1. For the range 1-81, just say rounded, prolate or oblate: build the C-alpha gyration tensor, square-root its eigenvalues into a ≥ b ≥ c, call rounded for a/c under 1.5, and beyond that prolate if a/b exceeds b/c, oblate if not.
2. Counting Lys and Arg as +1 and Asp and Glu as -1, what is the net charge of the other residues whose Cβ lies under 9 Å from the Cβ of residue 446?
3. How big is D, in µm² s⁻¹, for the range 232-342 by Stokes-Einstein at 10 °C and 1.306 mPa s if Rh is the Kirkwood radius over C-alpha pairs?
4. What list of ³J(HN,Hα) couplings, whole Hz, do you get for the range 372-380 from phi and the Karplus terms 6.51, -1.76, 1.60, once you set θ to phi - 60° and write x for glycine and proline?
5. How high is the FRET efficiency from residue 207 to residue 494, r the C-beta distance, R0 41 Å, rounded to 0.05?
6. Looking only at the chain, where both bridge partners belong to it, what percent of the DSSP beta bridges are antiparallel (to the nearest 5)?
7. In whole Hz and in residue order, list the ³J(HN,Hα) couplings for the range 142-156 that follow from phi through the Karplus curve 6.51 cos²θ - 1.76 cosθ + 1.60, θ = phi - 60°; x for Gly and Pro.
8. Among rounded, prolate and oblate, which fits the range 295-449 when a ≥ b ≥ c are the square roots of the eigenvalues of its C-alpha gyration tensor, a/c under 1.5 means rounded, and a/b larger than b/c means prolate?
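Read the figures in this text as sums done on the coordinates, not as results from a lab. Computed from a predicted structure; not experimentally measured. Don't worry about glycine lacking a Cβ; one is built from the backbone with ideal geometry, like all the others, and counts go over all protein chains shown.
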Amino acid sequence: MNAKATAQDWIDEHLEQLLDWHTHIWELAEPAWREYDSQAWYVQRLREEGFDVEDGSGGMPTAFSARWSHGSGPTLLTYAEYDAVPGNSQAATTREEPRGDLSRFAPGHTDPHSALGISTLAGLLATKHAMITHGITGTLLYTGEPAEKMHGSKVVHGLRGYYDDADAIVSFHPFYMLPLCNTARWDTQCGAYYSKVYSFICDEPETWQLSSADPHSPIPASHSAARAPGANLSLMQMLLSSRSMLDAMLPATGGWSFSDAILTDGQATADNLPQRVARIQFSWRTPDIEMAEHILAVLDRNAQAAAMMGHCEVEDRWVARSRPGRTNHVLAQALYDNLAEVGPPVYGPEAVALAQEVQRSLDVEAGDRPFLPETERLIEPQEAERLLREQMPAWQRNWTSDDYVEMSHYAPLVRFYVSRPALAPAAGAGPYPAWVMNALGGMRETIAPTILTAGRTVAGTFLDLLTNPDILDEARTEFESRTAADPMPALLPVDFVPPIDLPWPDYRLERRSGERWW
């Protein structure tokens, strides 16, 4: 038996265990920077599998870096993500309902990152087993990457040198947009991503309009006094002015996007005291760095003006500042060749029955083949690229965003996608609600094909790279050529401190008893 067959057999034999692991991570559903129990599970699992693991790598409590060596040879890296998304709690059932006794506003896995991590872990452990069985030498690296939804950890790991030893990186994600389904990216990688938190702080409300204050009042802000507008007003001015100025930031071309979130640490009620602190996060995705910088300039100006209106000071804090991705054709072709050997996911009768039950719960006629046709067929990277380019202007090189892009500046990288369970649209019914894909991502029967296909593909690719030095040599030559032509240095300083101390949404296990409902 050859090494690839050995690896694939390992995955097949351990499928039920892999699905148990996936269910555990899926049920934890911890949000960005607060994935304490998910990270702890990976650290323990990897140590039990013989890996040397750094817990809390890069100064990030919910990150890790693991290494396993079997003699000298190439060093290959893949990774896990495990952050969930607030407001997406959904049980693994065929109707809309939150998990357990949680609020529907609790976090849930959407992409799902639970499958991302368990798929790459399956490929990693299968590769390790094949290396031992067949005497293949080399080193496997596996990093735990928290807060992907805000491009959190990879920029930090990169700046701290965690990717420097890698000869090649395999980046996997369950598919989320067509035509990038059961394929690898070819030319068009994801683009730039900037994210910043602006904190408005009103520390001296008593100095607002001193001439109108009551000199006999024992408190600085009596009920009838003209009080300082405070942090809430500054935040609202920032939000409304920035939203209303979108067409003044960039031309309406290139598929750029702009998002915001108000953080929940106001620590105030509607009484007679001005609110002291209010925070808002803005994130923007652009094809290139120049476009991202234009938006940044507008936001920074707006923040100063909004702070002045509310009688506040403003503090800003970078969350992420990611470069557009660097492509590698050699690795993309090597991985796709393995994906083609494995074949696309296949949804069995039990998965089909569950999908049909979901359709019936929405009063949609259940089809014989309820899944999106593209989920069960391959598309070559070059053809996916051609279709992708039809949606972009000719000048545009990058589109959308994901934080794997930072890794692509440290070593040759391939980005690939395997389908997740997605239903075919029903004629005239419009899109399915978000809970449908969230629920299907948690069902063993419907997520198993993703884990099987992705895990086998990672293992096959790793084994090719370990045993065929020509592929790595060609990939490195391409990487160095592309880097020399377009250097793109890091956008944050080496000593950048990850924003783990900001008041991000948090759902620790001990808080899941019903006491918290947002």
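1. Working: a/c = 2.61, a/b = 1.29, b/c = 2.01.
It is oblate, given that a/c is not under 1.5 and a/b is not larger than b/c.
2. The answer is 0.
3. Details: Rh = 16.8 Å.
Answer, rounded: 94 µm²/s.
4. So the Karplus estimates, Gly and Pro as x, are 3, x, 5, 6, 10, 8, 8, 9, 5 Hz.
5. Values: r = 39 Å, r/R0 = 0.96.
Computed FRET efficiency for residue 207 and residue 494: 0.55.
6. Values: 40 of 56 bridges.
Antiparallel bridges: around 70 percent, rounded to the nearest 5.
7. Values, residue by residue: 9, 10, x, 10, x, 6, 4, 4, 10, 6, x, 8, 5, 5, 6 Hz.
8. Working: a/c = 2.47, a/b = 1.44, b/c = 1.72.
The shape class here is oblate.
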